[in-house]
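Here's the structure we're looking at; comments come further down.
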Amino acid sequence: MPQRIVAGNWKMNGSRAQLAAFLAALRQGWAEPRRCDVLLFPPALLVPEAIEPASALGIGVGMQTVHPEASGAFTGELAAEMAVDVGASWTLVGHSERRELCGESDEDVAARTVAALRAGLRPMLCVGETLEQRRAGNAETVVREQLEAVLAVVGDELAAGAVAYEPVWAIGTGETASPETAEAMHVAIRDILKARGPRLGMVPILYGGSVKPENAAALFAKEDIDGALVGGASLDAAAFLAIIAAMETHGNP
Ligand code: 13P
């Protein structure tokens, strides 16, 4: 079975005080042993100070993006090597907000995935279609193209990471994909990965888009949903703990 993962993406939210309070609340409500992996993607400035308290709970900390180059004249950017230097273990690549707002193309996403792997960061590759693309019947084609653009460059090295299916129309809208809609895409993604060999067939596939304690159990009950990439609800420790508990109760063993 693929690894089970519940990950929180704080996007551009939070402060040092909020991070400290969040991790303290997680510690309070923490149950051991955990039967799924837990990851946190805070804003980059909070990554260094998240490492120690998160590691104490076995939580991995990651970046929301990294630059393709290892160093150089790229004012404002952060390299995967720098993230590893401060203790990060994962990075998101290709989040739809970066594709849309920062104009990241499939080629950029592939280059950032290469950078992550070069530095020893595990990449979580985000893919997903817009509402227009879904309405036009192109959802699977779009996701396949996003996935294959990266696989063409890194091949089965992506086995070190994970894939997150995040339909753009379900992000921050309160509108979750139904468990059936999400599962259908997860099966399609699994088939693409499996066709490239058994290592890729074991890559965890997470769902993201308005995941909350109320809808997590039904999503996790689906065979090919191996976890969740949680945005808004991950800012609330109680909600995040409830989503982790839902994975442990309803996810595949
Ligand atoms: P929401 O859970 O806020 O919809 O965000 C999903 C997401 O984009 C996580 O990366």
Residue match in the stretch 164-185 (condition: more than 27 Å from LEU101 (Cα to Cα), within 16 Å of the ligand (Cβ to nearest atom) and either within 18 Å of the chain's Cα centre (by Cα) or not charged (D, E, K, R) (or both)): yes
Residue check, GLU77 free of Cβ contacts under 8 Å to residues at least 24 places away in the same chain and surrounded by 13 or more Cβ atoms within 10 Å (Cβ to Cβ): yes
Total residues in the stretch 190-214, condition in contact (Cβ under 8 Å) with a residue 24 or more places away in the chain and away from the ligand (no atom under 16 Å from the Cβ): 9
Residue count, the stretch 233-253 (criterion: surrounded by 20 or more Cβ atoms within 10 Å (Cβ to Cβ) and within 13 Å of the ligand (Cβ to nearest atom)): 4
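Do you know which of the residues in the stretch 215-232 that are in contact (Cβ under 8 Å) with a residue 60 or more places away in the chain and open to solvent by less than 30 Å² (accessible area, probe 1.4 Å) is farthest from PHE41 (Cα to Cα)?
Per the stated criteria, the residue is ASP226.
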Check on GLU52, open to solvent by 60 Å² or more (accessible area, probe 1.4 Å), closer than 26 Å to LEU147 by Cα and either in a helix (DSSP H, G or I) or of a type in the set (Lys, Arg) (or both): no
Matching residues, the stretch 96-120, being closer than 16 Å to ALA44 by Cα and open to solvent by less than 10 Å² (accessible area, probe 1.4 Å): ALA116
Top-ranked residue in the stretch 10-22 [being open to solvent by 10 Å² or more (accessible area, probe 1.4 Å) and not in a helix (DSSP H, G or I); ranked as nearest to the ligand (Cβ to nearest atom)]: LYS11
From the options ARG99, ARG34, residue that is basic (Lys, Arg), assigned to a loop (DSSP other than H, G, I, E, B) and under 30 Å from ALA221 (Cβ atoms): ARG34
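Matching residues to (1) buried (at least 22 other Cβ atoms within 10 Å of the Cβ); (2) on the phi > 0 side of the Ramachandran plot:
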site: ALA149; (1), (2): no, no
site: GLY155; (1), (2): no, yes
site: ALA160; (1), (2): no, no
site: GLU166; (1), (2): yes, no
site: THR173; (1), (2): no, no
site: ALA177; (1), (2): yes, no
site: GLU180; (1), (2): no, no
site: GLU183; (1), (2): no, no
site: ALA188; (1), (2): no, no
So ALA25, is it touching a Lys or Arg at 6+ places or on another chain (Cβ under 8 Å), modelled with pLDDT of 95 or more and either assigned to a loop (DSSP other than H, G, I, E, B) or of a type in the set (Gly, Ala, Ser) (or both): no
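The values are calculated or read from the model by the stated rules, or taken from the named source; none is laboratory data. Model, not experiment: these values are computed from the prediction. So basically every Cβ, Gly included, is an ideal-geometry build from the backbone, and we count neighbours across all protein chains shown. Accessible surface areas use protein heavy atoms only, side chains included; no ligands, DNA or RNA. Shrake-Rupley method; radii C 1.70, N 1.55, O 1.52, S 1.80 Å.
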